[in-house]
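The next block holds one structure in the form of structure tokens; read it before the comments.
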2 protein chains.
Amino acid sequence: MSLTNSSPLEVAKAASISSRGLAILPTKARNDALTAIHHALQESKETIQAANAKDLELATKSAEEGELSQSVLKRLDLGRKGKWEDMLQGILDVRDLEDPVNKITLKTRLDDGLTLERVSCPIGVLLIIFEARPEVIANIASLAIKSGNAAILKGGKETTLSFQAISQTISNALTNTLVPNNSIQLLITRDVVASLLDLDKHIDLVIPRGSNELVRYIQNNTRIPVLGHADGLCSIYIHQDAENDMAVKILLDAKLDYPAACNAVETLLIDEAAHSTILPEVASALLKRGVSLRCDAPSKAALSSSLPKSQADTLQEATEEDYTTEFLAPILAIKTIPTPPDASPSTSCSLAIAHISAHSSKHTDAIITSSKEIAEQFQSGVDSACVFWNTSTRMADGMRFGFGTEVGISTNKIHARGPVGLEGLMIYKYRVKGTGQVAGEYGVGGKHWKHERLPLQG
Amino acid sequence: MSLTNSSPLEVAKAASISSRGLAILPTKARNDALTAIHHALQESKETIQAANAKDLELATKSAEEGELSQSVLKRLDLGRKGKWEDMLQGILDVRDLEDPVNKITLKTRLDDGLTLERVSCPIGVLLIIFEARPEVIANIASLAIKSGNAAILKGGKETTLSFQAISQTISNALTNTLVPNNSIQLLITRDVVASLLDLDKHIDLVIPRGSNELVRYIQNNTRIPVLGHADGLCSIYIHQDAENDMAVKILLDAKLDYPAACNAVETLLIDEAAHSTILPEVASALLKRGVSLRCDAPSKAALSSSLPKSQADTLQEATEEDYTTEFLAPILAIKTIPTPPDASPSTSCSLAIAHISAHSSKHTDAIITSSKEIAEQFQSGVDSACVFWNTSTRMADGMRFGFGTEVGISTNKIHARGPVGLEGLMIYKYRVKGTGQVAGEYGVGGKHWKHERLPLQG
């Protein structure tokens with residue numbers, strides 16, 4: 001690991017060369033490096049926390065001057081309860097995961113003495129651009145080393161001192177390991193992002209971790225594939241047969257467990273048939289916890305007649321724009337799904353799916369229903385990375401999914417979707433071992449292909 | 001399937017809507033559609049061949065006027081031996097492959113009554129832009145329908161009549177199937193490529209099939225992910241312990257089986273220690289078959305003293321540019337790998353890998369060696385989609401790999417690499433089935449994650 005102010009091109013070339021050495025290191029060498037990083041961070045806790053406190057001091061000043069939001073402050077603070085411990089534990093969790101490198105995922109006898117293997121291998125060079133969270137350095141460095149990928153990290157200016165302290169610690173730790181020096185590089189030069197995004201010859205994947213604006217800027221300014229998401233516009237659909245208690249519990253969690261998260265719910269879809277049976281209880285619970293409800297006309301009418309006046313008076317009218325807005329705040333847009341008296345429940349579900357198709361960012365959408373058939377219809381029909389039944393959208397998370405940690409959540413339609421852990425940092429190569437066979441020998445009048453699937457071990 | 005001159009945006013929106021219907025069709029419905037296409041094409045053979053003959057007539061005229069190359073003419077001709085039969089058989093081969101949709105690839109008990117599944121699903125909408133090969137329509141339509149993806153096809157102007165005839169046939173065949181009408185659309189409007197490449201909201205993946213220029217134009221002009229390759233700069237490294245006969249056989253096939261193919265060899269790397277033992281025989285065989293050899297100084301000197309004068313006189317001097325040129329013609333660049341007397345064979349192999357790292361397009365590279373260790377070093381160290389041992393680079397092909405057919409060969413570092421069949425057209429979604437669990441219940445002082453891997457069936 002090196003802390004560098006070299007030019008972006010030099011950095012990228014060095015990463016590319018190191019990536020080849022890292023890619024062929026045995027499992028133990030990569031795991032030992034993670035152990036070394038863990039120990040070093042543990043021993044440098046005071047130094048790092050002191051640097052973080054300084055960052056925080058400067059940021060608090062900026063916040064007071066209105067130049068920085070409170071949520072950035074929160075993300076910056078490594079002293080928050082459990083954050084440091086989680087960061088350190090994350091390194092060990094990643095170390096203890098199964099090695100994703102060199103796994104054979106397909107083996108075919110093409111002909112006698114001619115075997116095809118598909119073998120997992122690292123992608124190569126990752127560029128990670130993040131904003132305010134200093135613990136991302138440790139997360140991503142762990143995932144990169146474990147998966148055999150070189151990484152270039154570029155942090156936001158608010159984290160400068162924490163970034164340098166963590167980086168220096170990791171850098172020192174890695175010098176005594178077999179991981180090539182430039183496998184993890186931390187860029188402290190300013191204004192280099194645009195140049196980095198131009199280096200598609202040397203960088204294989206960009207992972208942005210930050211605001212929608214950051215992600216969109218990156219998506220629009222590079223030919224390098226970008227893994228991540230700009231928007232997290234998540235919906236929950238309450239079907240008419242949902243259980244009240246479950247609906248209340250899930251909505252409260254999805255909206256309030258962490259309103260600024262990408263997997264928080266932003267739109268509630270509810271069957272018209274549930275306007276008097278489920279909606280009042282859900283709305284009342286949300287209002288009591290300070291959530292602003294932006295309702296379409298039918299749901300507002302229904303709630304106005306069922307809620308106490310003090311609550312009913314706080315209801316707002318939804319605009320069309322509210323259904324495509326990621327509030328990242330205690331605000332929820334409510335949309336009624338019509339339930340004509342002669343229509344089947346699956347018609348309502350189809351209408352909910354259609355709303356999601358038209359408005360969702362394809363991140364995470366959930367249904368609350370007692371019916372297995374309706375759930376199946378919803379989970380097949382909704383084209384999002386995560387489609388949940390009777391649970392909160394907040395479950396969309398690499399740690400919760402058992403991936404150790406994550407490099408981010410992807411709304412891409414190719415490569416990796418949803419929470420991305422180690423597997424999303426892998427690709428494969430095809431190896432063929434022959435004994436002199438050539439293509440021209442096969443085909444009309446020649447030798448025949450065997451194409452026999454072989455067991456994957458060995 | 002519809003043959004359309006609607007606007008690109010209308011086409012893309014229609015594709016997106018159809019893709020949702022296609023994605024949830026059962027296996028049988030998709031297979032039946034392929035059977036219907038196969039029968040319809042069989043019955044329309046005469047009409048289609050007649051249309052193709054007219055395309056060919058116009059193209060021959062263009063070729064005579066120097067506006068079209070002979071290789072395009074060859075690719076255009078559906079009457080070439082075996083081509084029609086291969087096209088029809090390809091449809092049935094794809095139909096008979098295992099259904100790639102709805103396969104569960106990960107199943108985890110997150111907690112009691114809370115299960116995570118990763119399920120394969122189609123990517124969505126594919127845009128295929130091809131040039132001169134009319135049979136691509138049938139290949140791609142089959143792969144798209146089988147994998148549950150909608151496809152928009154845009155062909156080159158040389159294939160207009162064949163394209164319309166095949167399209168009309170497929171279109172008629174599909175009207176009696178369950179596949180939604182706009183799942184496969186064929187665009188006959190001119191000058192729409194730029195507009196299509198702008199529709200990243202509706203199109204999920206672009207697959208270009210044509211010249212390097214076409215692929216590069218597309219890569220540089222869209223935010224949509226592009227699957228494919230511009231260059232196929234393939235190398236073969238003859239290690240000093242290779243068997244002469246095998247080296248000759250593999251080089252002849254790799255260079256001459258189809259010189260215009262992306263998997264033909266363009267650079268021969270050869271150990272200095274093999275200059276007098278293997279190189280003369282290989283060079284002589286290639287020269288006899290009309291291949292021009294562009295040699296670096298050491299290999300030219302060695303060959304000049306060992307080959308008969310008539311052959312030696314034809315040797316050309318290689319420039320640095322020759323090692324990054326995809327000749328697509330019977331020309332081969334030769335580069336010597338130094339073998340210092342005290343160095344181990346693995347040192348030579350490392351130098352060959354370094355040359356490939358610096359020059360290869362990461363498509364397909366091969367080694368010829370008798371040593372398992374040297375082969376392992378090469379196959380681990382070379383970062384290309386296909387890395388072969390003792391076989392020809394021409395083996396890099398979806399049909400030869402047993403994938404039925406292919407949408408193309410990818411040199412991307414993410415999603416799909418090498419020959420891409422059905423699997424490369426799939427992505428996955430995460431489904432969670434819960435019983436009311438929410439994220440806020442877990443963590444410090446709360447419930448614990450179980451994260452138990454479950455068997456994949458059911």
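The values are calculated or read from the model by the stated rules, or taken from the named source; none is laboratory data. It should be emphasised that the depicted structure is a prediction, and the values quoted were computed from it without experimental measurement. Please note: Cβ atoms are built from the backbone with ideal geometry, for glycine as well, and neighbour counts cover all protein chains shown. For accessibility, only protein heavy atoms count, side chains too; no ligands or nucleic acids. Shrake-Rupley method; radii C 1.70, N 1.55, O 1.52, S 1.80 Å.
Observations
- Rounded to whole numbers, the Karplus 3J(HN,Hα) couplings from phi for the stretch A:281-293 are 5, 5, 4, 4, 4, 5, 4, 4, 8, x, 7, 7, 9 Hz, using 6.51 cos²θ - 1.76 cosθ + 1.60 with θ = phi - 60°, and x at Gly and Pro.
- Interface residues, the stretch B:13-54 - accessible area loss of 20 Å² or more versus chain alone, probe 1.4 Å: B:Arg20, B:Ile24
- Estimated [θ] at 222 nm from DSSP helical runs (n ≥ 4, -39500 (n - 2.57)) normalised by residues in chain B, nearest 500: -12000 deg cm²/dmol
- In this structure A:Lys362 has an accessible area near 60 Å², from a 1.4 Å probe over the protein heavy atoms.
- Length-normalised contact order for the stretch A:234-395 - Cα pairs under 8 Å, 6+ apart - percent: 33
- Heavy atoms of chains A and B lose about 6100 Å² of accessible surface on contact, summed over both sides with a 1.4 Å probe.
- Closest approach to the axis carrying B onto A, counted by Cβ on chain B and given in whole Å with its residue, is B:His415, 2.
- Charges were assigned to the Cβ only: +1 to each Lys and Arg, -1 to each Asp and Glu. The resulting dipole of the stretch B:10-79 about its Cα centre is roughly 520 debye.
- Rolling a 1.4 Å probe over the heavy atoms of the protein chains gives chain A an accessible area of 39 Å² per residue.
- Shown is the FRET efficiency for B:Glu373 and A:Thr435, computed with R0 = 22 Å from the Cβ-Cβ distance and rounded to the nearest 0.05: 0.85.
- Between the amide H of A:Gln437 and any residue lying 5 or more places away or on another chain, no distance stays under 5 Å, with hydrogens modeled in the peptide plane.
- Percentage, to the nearest whole number, of Cα pairs in the protein assembly as shown over 56 Å apart: 15
- Accessible area of A:Trp449 in the full protein assembly, 1.4 Å probe (Å², nearest 10): 50
- Ranked from largest to smallest solvent-accessible area, with a 1.4 Å probe on the protein heavy atoms, B:His39, B:His415, A:His451 come out as B:His39, A:His451, B:His415.
- Sequence-ordered 3J(HN,Hα) estimates for the stretch A:153-161 from the Karplus curve with 6.51, -1.76 and 1.60 and θ = phi - 60° stand at 10, 10, x, x, 5, 5, 9, 3, 6 Hz, glycine and proline given as x.
- Once C-alpha pairs closer than 8 Å and six or more residues apart are averaged by separation and normalised to the residue number of chain B, the relative contact order reads 20 percent.
- Taking amide hydrogens as placed 1.01 Å from N in the peptide plane, the amide H of B:Ile331 sits under 5 Å from those of B:Ser292, each at least 5 positions away in sequence or on another chain.
- Applying the Karplus relation 6.51 cos²θ - 1.76 cosθ + 1.60 with θ = phi - 60° to the stretch B:61-69 yields 3J(HN,Hα) values of 4, 4, 5, 5, 7, x, 8, 9, 7 Hz, where x marks Gly and Pro.
- Surface share of carbon and sulfur [accessible, 1.4 angstrom probe, percent] for chain B: 50
- For the Cα trace of chain A, dividing Rg by the Kirkwood Rh returns an Rg/Rh value of 1.04.
- Over 28 Å (Cα to Cα) - which of A:Lys74/A:Lys288; A:Lys74/B:Lys107; B:Lys146/B:Lys249; A:Lys249/B:Lys429; A:Lys103/A:Lys450; B:Lys54/B:Lys249 fall in this group: A:Lys74/B:Lys107; B:Lys146/B:Lys249; B:Lys54/B:Lys249
- Here is how far apart the B:Asp198 label points are across copies: 2.6 nm, shortest first, using a point 7 Å from Cα toward Cβ.
- Approximate spin-label separation B:Ile331-A:Ser71, in nm, with each point projected 7 Å along Cα-to-Cβ: 5.7
- Remark on B:Ala318: its backbone amide H falls under 5 Å from those of B:Cys295, B:Asp296, a criterion applied only to residues 5 or more positions apart or on other chains, H modelled at 1.01 Å from N.
- Computed with a 1.4 Å probe over protein heavy atoms only, the accessible area of A:Thr160 comes to about 50 Å².
- Length released on extending from A:Ser276 to A:Leu58, taking residue separation times 0.36 nm less the Cα-Cα span: 73.4 nm
- Here the stretch A:234-395 is treated as an ellipsoid with the same Cα gyration tensor; its semi-axes, largest first and in whole Å, are 21, 18, 14.
- Placing a label point 7 Å from Cα along the Cα-to-Cβ axis, A:Asp99 is separated from the same position in the other copies by 3.8 nm, shortest listed first.
- Annotation: aspartates and glutamates with alpha-carbon distance below 14 angstrom to A:Lys83 (same-chain offsets under eight excluded): A:Glu135.
- Local electrostatic count at A:Ile37 - Lys and Arg +1, Asp and Glu -1, tallied over other residues with Cβ under 12 Å: +1
- Antiparallel bridges, percent of DSSP beta bridges restricted to the protein assembly as shown (to nearest 5): 30
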